[in-house]
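Input: a single structure, listed below in structure tokens.
The values are calculated or read from the model by the stated rules, or taken from the named source; none is laboratory data. From a predicted model like this one, the values you see are computed outputs, not experimental measurements. Glycine also receives a Cβ, built like all others from the backbone with ideal geometry; neighbour counts cover every protein chain displayed.
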Amino acid sequence: MSIEFREGRIDSGDGRLLERAMNEEMAVVYDGKGLDGADMPTAGPAELNPPAGRFIVGYEDGRAVCCGGIKRLADGICELKRMYVVPDARGRGVARALLVELEGQARALGYSVARLDTGPRQPAARHLYESAGYAPIGNFNANPIATFFGEKRLT
């Protein structure tokens with residue numbers, strides 16, 4: 001497996017297509033609850049596109065297979081958002097490669113701490129985050145769906 005990561009946008013191109021697929025999948029997983037609902041933490045173009053944030057798309061053999069973003073929370077602290085891997089690329093280490101890439105880019109942007117969350121119906125995501133060193137913390141973003149909130153020092 002070889003994934004090439006490129007800067008993308010959450011609101012256009014392959015980034016938008018992947019983000020849309022993730023939203024559709026999460027609406028099914030969480031019984032119609034959309035990621036862009038009024039009570040959900042924000043993670044749109046204003047947060048994930050430059051200059052405020054960063055959004056990347058991963059390509060395997062020229063095909064977009066994953067995406068994720070970096071959202072600024074406070075000085076030195078970011079949140080990893082909108083991590084998504086297309087279904088037929090799962091189980092092969094793509095999500096772990098995406099997480100490592102996002103952490104590296106967060107470090108390059110000057111962040112020393114990364115946070116993230118996931119819901120109860122995504123046990124594989126929680127396992128990935130915990131195995132990558134994310135320790136449980138309190139609910140830092142008021143996400144009404146999430147049950148795991150994690151934090152990792154990047155330095």
(request) Sort through 79, 60, 101, 130 and tell me the only one that's more than 18 Å from residue 4 (Cβ to Cβ), among the acidic types (Asp, Glu) and either touching a Ser or Thr at 6+ places or on another chain (Cβ under 6 Å) or surrounded by fewer than 19 Cβ atoms within 10 Å (Cβ to Cβ) (or both). (result) 130
(request) Determine the pairs where a residue that is closer than 30 Å to residue 32 by Cβ and free of Cβ contacts under 8 Å to residues at least 40 places away in the same chain, located within the stretch 97-126, has a partner that is among the charged types (D, E, K, R) and assigned to a helix (DSSP H, G or I) with Cβ atoms under 8 Å apart, the partner being 6 or more residues away or on another chain. (result) 118/126
(request) Can you tell me which residue among 148, 140 is farther than 21 Å from residue 17 by Cβ and in contact (Cβ under 8 Å) with a residue 60 or more places away in the chain? (result) 140
(request) Output the residues belonging to the stretch 128-151 that are of a type in the set (Val, Ile, Thr) and within 22 Å of residue 100 (Cα to Cα). (result) 137
(request) For residues that are farther than 15 Å from residue 21 by Cβ and either within 11 Å of the chain's Cα centre (by Cα) or assigned to a loop (DSSP other than H, G, I, E, B) (or both), tally how many sit in the stretch 55-68. (result) 3
(request) Please go through the stretch 105-155 and pick out each residue that is assigned to a loop (DSSP other than H, G, I, E, B), in contact with a Leu (Cβ under 7 Å, 6 or more places away or on another chain) and not aliphatic (A, V, I, L, M). (result) 111, 112, 134
(message) Quick test of your reading of the structure: residue 69 fulfils all but one of (1) of a type outside the set (Lys, Arg); (2) closer than 25 Å to residue 13 by Cα; (3) buried (at least 17 other Cβ atoms within 10 Å of the Cβ); (4) at pLDDT below 95. Name the failing condition by number.
(response) (4)
(message) I'd like the residue in the stretch 144-155 that is modelled with pLDDT of 95 or more and of a type outside the set (Asp, Glu) and, out of all such residues, is nearest to residue 6 (Cα to Cα).
(response) 154
(request) Determine whether residue 4 is surrounded by fewer than 19 Cβ atoms within 10 Å (Cβ to Cβ) and at pLDDT 95 or above. (result) yes
(message) Criterion first (of a type in the set (Gly, Ala, Ser) and either assigned to a loop (DSSP other than H, G, I, E, B) or crowded, with 19+ Cβ neighbours inside 10 Å (or both)) does residue 32 satisfy it?
(response) yes
